[in-house]
Each structure stands twice: as structure tokens, then as C-alpha cells.
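K.L.:
One structure, pasted below without further comment.
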Amino acid sequence: MRAFTYETLPMRVVFGPGCCPELAGEVDRLGMQRVLVLCTPQQEHGARGIADILGHRAVSVFAGARVHVPIATAEAAGTAARAAGVDGCVAVGGGSTIGLGKALALRDSLPMVAVPTTYAGSEMTPIWGVTEDGVKRTGRNRKVLPRAVVYDPDLTHSLPVGSSVTSGLNAVAHAVEALYAPDLSPIPALMAEDGVRALVGALERIVRTPTDPDARTDALRGSWLCGAALGSTTMSLHHKLCHVLGGTFDLPHADVHAVLLPHVVAFNSPAAPEAMAALRRALGVDLHPASALWQLANRLGAPTNLATVGMPTEGVADVVRQVLMEPYANPRPVDGPDLTALLTRALHGDGPRPDRGPGT
Ligand code: NAD
């Protein structure tokens, strides 16, 4: 076994179907007395229901969360928080809303309780991201970790099948990159492998029966494990590509993850044999994991083509330039021609080429 350093992240998790009413007790336990409830415009109705559960503790609702946390949104939420004199936030939603809560934790030192309603897994990571002038800046800071996370699978029944699939594949990507991260250690490895197993099985069932309560519960458990695995490890090429693509072209984040994952797995596989073995076990296949993930995406009806999710065909060179300017860690060295080939295949919806590499 290789040497490792592992530090547990401070995190309280309350999990269970119907556990949402426990949120009020969690807020009290943290000593928060006046909270701002954060959500997207689309989830305002549900967030107001959560505010009702919180009663007098919820003094205002900010329903302006947007994907990739535009700086103007973070500033508007900060102004709303100060105007309402709050001492904390409750973020009800997916990665966009929790990302806004992280921005407030970072900029305004407001503690957050998260109530996730997608499978993106942001609530488990100390990774924040803010977009300014078309560039998404990301960083790691423990200050942005939620003080508590209330996972109620019942809140995910309303998540459309398409978003369930793509946010689930976003979480699978967290686990994949954790499995070949330079700082992987035994506990995140277990979480990543079991998270992929739970999520992939659950997504197949959700596509068949979107309100299957056991499938929804398994998916959220898998998302927690995958997010926690990434929270304890370092992100690599896949996340770098998604951040650059999302920030530059304002693309739907989870869709970009879904399209790119098989291609990045194909590219990195020669340099990550142990991760590939873990993925084969988790996916329950003898196939190359890149091919298995490609087939899975097609079976689940996920997007497999960057052009259809909004990437301009002339955008490849700009993405390659940005990725190489500030690269993330990666098990396999990355260069311009390989990245261009990988992105071109993903742009046109061609399948991954795990045996010959992306450039052939
Ligand atoms: P999202 O939060 O943008 O939500 C997508 C849409 O689904 C929104 O309109 C939202 O209102 C709606 N929605 C969410 N839950 C719903 C539900 N239960 N029922 C009905 N509608 C619902 O999507 P996401 O994929 O969760 O998050 C994407 C964002 O999260 C990106 O900005 C990404 O960068 C970030 N992210 C960050 C991390 C991290 O560790 N920092 C991890 C994953 C994702």
C-alpha cells in the first residue's frame, strides 16, 4: 500500500426519507437564530415550504441562485443577508444554490446548512466557484463547508429524470477523479467505489420509475459518498475541463460532466490501472470503464455531445488554452494535441476510444 495522509472533514449529516422537518433542530443546534433561505427562482415554492418548517428562524428567502454563481448573484445575496440581519443561511437546492451558500460563507462568513435536492454532491466538498467576466474561479476552503447537511430523498422525487441522470453522472465523475487522485487514501477509495455502485444502479431504476422511493434514496446516498470522496481528494482533468467549459460558454454544468466523463476516463485509463479496476467492480462489468460509462450514458438518455449542450464548434482552441494555462493535477500528462482530440470527439458525439487513446 502506498503512503497517505487522511484528514476527516468536519461534517454532520442527517439522512433519511421524510427527515426534512429535522432541519429546524439542526439550525437551533448551531445557534442560528435568523436565517436566509437560498434557492433558485424555479424552486422558490419548495423553499418557501422549507421556510415554513423553519418558522420564526427563516427571516427571508433569496430566490436568485444561478448556475456557476455569477459574482453579481453572490453580491445581491450578500446585500439581502445584511439587510435582513441574518446569522446564517439554509441552501435548498442543487449545486447552484449550495454554491451560492458557499460564496456567502467565504465572502460574508455566514455559516450554511445545506438541503440538497439534486445528486451533484457540492455540499460535501470544500470547493467553491464564482464566475466573473466569463471566467469561473474555483478554490478550496474549509470555511465554505456546510455546518450540517439534511438529506431527505423525498425532496428529490420532483427532480426531472434528465437532471437526475446528469447530476448523478456529475457525482460519478467526482468518484472517478477521487479514485485516481494523487492524494487518494483508503476511506475515500471505499466511498468512491460504493458511491458509484449505488448511484449507477439507482439511476437505471429512476429512469424506469422516477418516483421509486428506494431508488431515490440509493441515489442520494451514492451522491453523498461520491461528493465526500471528492471532498477529501484533489480534482483532475475532468473537473478542470468542466469548469472551463461551464464558465466560458455558460453551459449546463451537469450535462457537460455527463458528456465528458467517458472521454476523460478513456484518456486517463493507461495511467490509472487501480482506479479502472475499482470502476469495473463498481459498474459490475468486464468492459473498459470508458466504454461502460459511454453505454450507460446512452442507456440513461444522457447527453453525449458537447455541441448539443451549447458549446460553439470554434471553441475548442480557447478551452485547450485555458486548461493548459492553469492545469489541475492529472494521472496522465496533458498536452494540446491530446486535449484537442478529446474535446473534438466530445464535441461531435463520437464515442471514447479507450484502446487507442483520444487522438487516434
Ligand atoms: P442546479 O443546482 O443548477 O439545478 C438545476 C435545476 O434543477 C435548477 O433549475 C434547479 O432549480 C432545479 N432543481 C434542483 N433540484 C430540484 C428538484 N428536486 N426538483 C425540481 N427541480 C430541481 O444543478 P446541479 O447540477 O445540482 O448543480 C450545478 C452547479 O453546481 C454548477 O455550478 C457546478 O459547478 C456546481 N457544483 C459544485 C460542486 C462543488 O463541489 N463545488 C460539485 C458539483 C456541482
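The values are calculated or read from the model by the stated rules, or taken from the named source; none is laboratory data. Everything numeric in this text was worked out from a predicted model, so none of it was measured. So basically every Cβ, Gly included, is an ideal-geometry build from the backbone, and we count neighbours across all protein chains shown. Accessible surface areas use protein heavy atoms only, side chains included; no ligands, DNA or RNA. Shrake-Rupley method; radii C 1.70, N 1.55, O 1.52, S 1.80 Å.
K.L.:
Select from segment 117-171 the residues that are at pLDDT 95 or above and of a type in the set (Asp, Glu) and write down the one among them that is nearest to the ligand (Cβ to nearest atom).
P.N.:
Glu123
K.L.:
Next question, about the same structure. Take Ala292 and decide whether it is surrounded by fewer than 22 Cβ atoms within 10 Å (Cβ to Cβ), of a type in the set (Gly, Ala, Ser) and either touching a residue at least 12 places away in the same chain (Cβ under 8 Å) or within 27 Å of Gln322 (Cα to Cα) (or both).
P.N.:
When the stated conditions are applied, Ala292 passes them.
K.L.:
Just the residues that are within 11 Å of the ligand (Cβ to nearest atom) and part of a helix (DSSP H, G or I), please, taken from segment 231-251.
P.N.:
Those that are within 11 Å of the ligand (Cβ to nearest atom) and part of a helix (DSSP H, G or I): Gly231, His239, Cys242, His243, Leu245, Gly246, Gly247.
K.L.:
If the requirement is being in a helix (DSSP H, G or I), over 17 Å from the mean Cα position of the chain (by Cα) and of a type in the set (S, T, N, Q), which of these qualifies: Thr211, Thr217?
P.N.:
Unique residue meeting the criteria: Thr217.
K.L.:
Further question on the same structure: Identify, please: which residue in segment 235-270 is closer than 16 Å to His174 by Cα and open to solvent by 10 Å² or more (accessible area, probe 1.4 Å) and is, among those, farthest from the chain's Cα centre (by Cα)?
P.N.:
Ser269
K.L.:
Moving to a separate point now. Taking segment 303-328 as the region of interest, how many residues are part of a loop (DSSP other than H, G, I, E, B) and open to solvent by less than 10 Å² (accessible area, probe 1.4 Å)?
P.N.:
Counting residues in segment 303-328 that are part of a loop (DSSP other than H, G, I, E, B) and open to solvent by less than 10 Å² (accessible area, probe 1.4 Å) gives 2.
K.L.:
Would you check which residues across segment 41-71 are among the β-branched types (Val, Ile, Thr) and either at pLDDT below 95 or farther than 19 Å from Leu23 by Cα (or both) and list them?
P.N.:
Within segment 41-71, Val67, Val69, Ile71 qualify.
K.L.:
Continuing with the same structure: I'm trying to understand the selection: among the residues of segment 1-60, which are basic (Lys, Arg) and either closer than 18 Å to Ala81 by Cβ or without any contact (Cβ under 8 Å) to a residue 60 or more places away in the chain (or both)?
P.N.:
Listed by number, the residues that qualify are Arg2, Arg34, Arg48, Arg57.
Yes/no per residue for (1) of a type outside the set (A, V, I, L, M); (2) away from the ligand (no atom under 14 Å from the Cβ); (3) more than 14 Å from Ala114 (Cα to Cα):
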residue	(1), (2), (3)
Leu9	no, no, yes
Cys19	yes, yes, no
Glu22	yes, yes, no
Val35	no, yes, no
Pro41	yes, no, yes
Ala47	no, no, no
Ile50	no, no, no
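K.L.:
OK, next. Tell me which strands (runs of 3 or more DSSP E) are completely within segment 27-132 and hold 2 or more residues being of a type in the set (Val, Ile, Thr), under 24 Å from the mean Cα position of the chain (by Cα) and farther than 24 Å from Thr8 by Cα, or say none if there are none.
P.N.:
Of the strands (runs of 3 or more DSSP E) lying wholly inside segment 27-132, those with at least 2 residues that are of a type in the set (Val, Ile, Thr), under 24 Å from the mean Cα position of the chain (by Cα) and farther than 24 Å from Thr8 by Cα span 127-132.
K.L.:
Right, Gly101: within 14 Å of the ligand (Cβ to nearest atom), touching a Ser or Thr at 6+ places or on another chain (Cβ under 6 Å) and not hydroxyl-bearing (Ser, Thr, Tyr) or not?
P.N.:
no
K.L.:
When the residues of segment 32-75 are filtered to those that are acidic (Asp, Glu) and out of contact with any Lys or Arg (no Cβ under 9 Å at 6 or more places or on another chain), which remaining residue is least open to solvent (accessible area, probe 1.4 Å)?
P.N.:
Among residues in segment 32-75 that are acidic (Asp, Glu) and out of contact with any Lys or Arg (no Cβ under 9 Å at 6 or more places or on another chain), the one least open to solvent (accessible area, probe 1.4 Å) is Glu44.
K.L.:
Mind listing whichever residues of segment 188-197 are in contact (Cβ under 8 Å) with a residue 12 or more places away in the chain and either open to solvent by 10 Å² or more (accessible area, probe 1.4 Å) or at positive phi (or both)?
P.N.:
Ala189, Met191, Glu193, Asp194, Arg197
K.L.:
A follow-up question, please. Return the total of residues in segment 7-24 being at pLDDT 95 or above and surrounded by fewer than 12 Cβ atoms within 10 Å (Cβ to Cβ).
P.N.:
Number satisfying all stated conditions: 1.
K.L.:
If I filter segment 93-100 for residues that are out of contact with any strand residue (DSSP E or B) (no Cβ under 6 Å at 6 or more places or on another chain) and over 26 Å from Gly227 (Cα atoms), do I get at least one hit?
P.N.:
Scanning segment 93-100, I find no residue that is out of contact with any strand residue (DSSP E or B) (no Cβ under 6 Å at 6 or more places or on another chain) and over 26 Å from Gly227 (Cα atoms), so the answer is no.
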